[in-house]
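*Asks:* Dropping a structure here in structure tokens format, bear with me for questions.
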Amino acid sequence: MENKKDGVDQQKDNGEPEAVILQPMLPGPFKGRISGTIFWYLFRETLFAFAVSFMFFFFIFFVNQILLMAKDILEKSVPFNQVARLVVYALPSIVAISSPFASLLGTLMTIGRLSSDNEILVMLASGLSYKNIFIPTIIVGILISIFSFIANDILLPLGTIHYSRLYRQIVKSTPALEIEANSVKRFKDTFVITGNVHDKNIQDLLIIDKTSDGERRVILANDAEFVDAGKEGISLNLRNAFVHSSKEIERSDYDYAQSRFLRYRIKPEDLMQDLTPPGPREMTSIDVFREIKKKEVNIGKSIVTRTLAALDATMNLENALRAGPGNRSWTARENLYNNFIKESRLALDTRRDRSLSIWRLEFYKKFSIPLGALSFIFLAVPLGLLAKKSGQAVGFIVGLIISLIYWAFLLIGQNMGIRLGYSPFWSMWFPNVLSVGIGIILTLFRVRR
């Protein structure tokens, strides 16, 4: 005989209850409680992996951008303490660019290891949701983005200012830094084009400058010797030199001379003209935004001026054509036509001013690269959850590949924004939007499995 008690069937004859299968009610993918222990565990693991990955990328960029620069300067006998200061001033740029990639690599390695060790599966089977994975990693991504933004927007401009000041002092005391092989250097009104450089010997030297009388001068020499004159600038001893000088207005009035030996000197104040002032990359985002507003106003005024000039040239040409050939000579009408073409091109060039696009690109880049650390979190977490074996190794390789793709997208976007006139906003933000979009799709795919 059977009786039921509390919904469970029992056997009276032997006193043993029948087996009952209980179906636990698991929460949804993003429902359920959040464990403080799991939160701090993932937070510490992700932060540690970020630190390791950051040192990896920092070392790569440090070698490529700093040590190579320091090597060139040390070859010119620059004091080591000044080289060390240059390295310190250039560090913020390396920190700013290394942080987003370290965020991607660190998150991939952390989540990949947890997934391959089945720790994620145990956590979900314990009734915890995916919120325990996303929340600590997103918080780490926010902290990294803030850290990268501070380095890029505050420390980088300060470092650049001190870097420029120190470099000016080094050039003033060691002018040899300005002489490089197969290069074109401009010193105020002087252009120096060099061939191969071995020690202090320069081959195939070409100098283009202006004399004190305002004449254009060209100096050729098959061989020249560089002499560091210290505070007096640069001295070049030219052998078998050819000199050609002509007036700007009357090109037919020219002089030329040949010399077995000629000494040419570049003054220290002319060397300083070659050092450009800080650009948008070396300024804070607030300063760049202000400069953009000033440029927009100035370009707007220039567009109005050039448009009116083009309209005036168009009306003059139209009146001349309507009047017929009897009132104006052919030469006069041709001049009106050439003036119309010139003013029209100037109006179009003003509208297509690339300098404003460059400033806008740099402004958006100041935010897109630091926030790339946060956008990478949305991509790295679902990719890490897909790992089955060797999660850390796979995460490391996948992270490097994605970093290269991201960097390529940034370069392509920058070139398209400058040369093809694409939107500066999308040129810089497209890689981040793509990372977040792919990450959301992969997340939905993972949680529905």
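The values are calculated or read from the model by the stated rules, or taken from the named source; none is laboratory data. Keep in mind it's a predicted model, so treat the numbers as computed, not measured. Quick reminder, even Gly has a Cβ in these numbers, built from the backbone with ideal geometry, and neighbours come from all protein chains shown.
The rows are residues; the columns are (1) crowded, with 16+ Cβ neighbours inside 10 Å; (2) modelled with pLDDT under 70.
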residue: Pro175; (1), (2): yes, yes
residue: Asn182; (1), (2): no, no
residue: Asp223; (1), (2): no, no
residue: Ala241; (1), (2): yes, no
residue: Glu269; (1), (2): no, yes
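*Asks:* Please indicate, with yes or no, whether at least one residue in segment 358-371 is among the hydrophobic types (A, V, I, L, M, F, W, C) and free of Cβ contacts under 8 Å to residues at least 60 places away in the same chain. Walk me through how you get there before you give the answer.
*Replies:* The initial filter retains those residues of segment 358-371 that are among the hydrophobic types (A, V, I, L, M, F, W, C), namely 358-359, 361, 363, 367, 369, 371.
After this cut, where a residue has to be free of Cβ contacts under 8 Å to residues at least 60 places away in the same chain as well, the list is none.
Checked against the condition, which is being among the hydrophobic types (A, V, I, L, M, F, W, C) and free of Cβ contacts under 8 Å to residues at least 60 places away in the same chain, segment 358-371 yields no hits at all.
*Asks:* Phe57: of a type in the set (Phe, Trp, Tyr), at pLDDT below 85 and either touching a helix residue (DSSP H, G or I) at 6+ places or on another chain (Cβ under 8 Å) or in a helix (DSSP H, G or I) (or both), yes or no? I'd like the intermediate steps shown before the answer.
*Replies:* Details: of a type in the set (Phe, Trp, Tyr): yes; at pLDDT below 85: no; either touching a helix residue (DSSP H, G or I) at 6+ places or on another chain (Cβ under 8 Å) or in a helix (DSSP H, G or I) (or both): yes.
In short, no.
*Asks:* Turning to a different aspect of this structure: Kindly indicate whether any position in segment 436-443 is in a helix (DSSP H, G or I) and either among the aromatic types (Phe, Trp, Tyr) or under 14 Å from the mean Cα position of the chain (by Cα) (or both).
*Replies:* For segment 436-443, residues in a helix (DSSP H, G or I) and either among the aromatic types (Phe, Trp, Tyr) or under 14 Å from the mean Cα position of the chain (by Cα) (or both): absent.
*Asks:* Scan segment 175-190 and report the pairs whose first residue is closer than 14 Å to Leu206 by Cα and outside any loop (DSSP other than H, G, I, E, B) and whose second residue is of a type in the set (S, T, N, Q) and at pLDDT 75 or above, with Cβ atoms within less than 9 Å and a gap of 6+ or a chain change.
*Replies:* Val184/Thr194; Lys185/Thr194
*Asks:* Assuming Trp429 fulfils every condition listed in (1) of a type outside the set (Asp, Glu); (2) at pLDDT 80 or above; (3) buried (at least 21 other Cβ atoms within 10 Å of the Cβ) apart from one, which condition is it?
*Replies:* For Trp429, the failing item is (3).
*Asks:* When residues of segment 404-426 are filtered for being more than 14 Å from the chain's Cα centre (by Cα) and surrounded by 19 or more Cβ atoms within 10 Å (Cβ to Cβ), how many remain?
*Replies:* 0
*Asks:* Within segment 111-163, take every residue that is of a type outside the set (Ser, Thr, Tyr) and assigned to a loop (DSSP other than H, G, I, E, B) and give me the one that is surrounded by the fewest Cβ atoms within 10 Å (Cβ to Cβ). Show your work before the answer.
*Replies:* Restricting attention to segment 111-163, the residues satisfying the condition of being of a type outside the set (Ser, Thr, Tyr) are 111-114, 117-125, 127-128, 131-136, 138-144, 146-147, 149-159, 161-162.
Okay, now just the ones that are also assigned to a loop (DSSP other than H, G, I, E, B), so 117-118, 127-128.
On the way: Asp117: 13, Asn118: 11, Gly127: 14, Leu128: 18.
Here the answer is Asn118.
*Asks:* Step by step: first the residues of segment 280-310, then only those that are touching a Phe, Trp or Tyr at 6+ places or on another chain (Cβ under 8 Å) and of a type in the set (Gly, Ala, Ser), then the one that is farthest from Ile154 (Cα to Cα). Which residue is that?
*Replies:* Residues of segment 280-310 touching a Phe, Trp or Tyr at 6+ places or on another chain (Cβ under 8 Å): 280, 285, 288-289, 291-292, 295, 310.
Right, trim to of a type in the set (Gly, Ala, Ser) and you get 285, 310.
On the way: Ser285: 9, Ala310: 44 Å.
For segment 280-310, the residue satisfying everything is Ala310.
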